[in-house]
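Notes for the one structure printed next.
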Amino acid sequence: MAAEDMTIGEVARALARIEAGQADLRREISERLDRTVSAELYGSQHKVVLDEIAEIKGDLDGLRTEVRAQEQQRVMDRRWWLTAVLIPSAGLVASYVGPLLGGGGS
């Protein structure tokens, strides 16, 4: 139907539909804008997250260093036990048990 053939009522209904569609669009745009953040807020949040990540990486590096130091200490402790306690004790036991097992005699 051509616009010239429309009655006043039809024009009013068409305008009402257009206005309702425009209102829906405005409401949808408003809802979307309510969910967005400003560039300044995003930038500050992003900086905070990057700072936290850097802090966590630093903590992780510190923990790795500490774990390596503990592992080296364990190795040194094992060596100490071997050289200071276990080997001399085994030598002492061998000096007493050797003659017993060897038959004790000449």
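The values are calculated or read from the model by the stated rules, or taken from the named source; none is laboratory data. Computed from a prediction, not measured in an experiment: that's the story for all the values here. We place every Cβ from the backbone using ideal geometry, glycine too, and count neighbours over all the protein chains shown. Each accessible area value is taken on the protein alone, full model and side chains, heavy atoms only, with ligands, DNA and RNA left out. Shrake-Rupley method; radii C 1.70, N 1.55, O 1.52, S 1.80 Å.
Descriptive notes on the structure:
- Cβ-Cβ under 9 Å pairs, at least 6 apart or on other chains, the range 75-97 side without any contact (Cβ under 8 Å) to a residue 40 or more places away in the chain and at negative phi, far side of a type outside the set (Val, Ile, Thr) and open to solvent by less than 90 Å² (accessible area, probe 1.4 Å): none
- Of residues in the range 1-57 being open to solvent by less than 100 Å² (accessible area, probe 1.4 Å) and not in a helix (DSSP H, G or I), the one modelled with the highest pLDDT: Thr7
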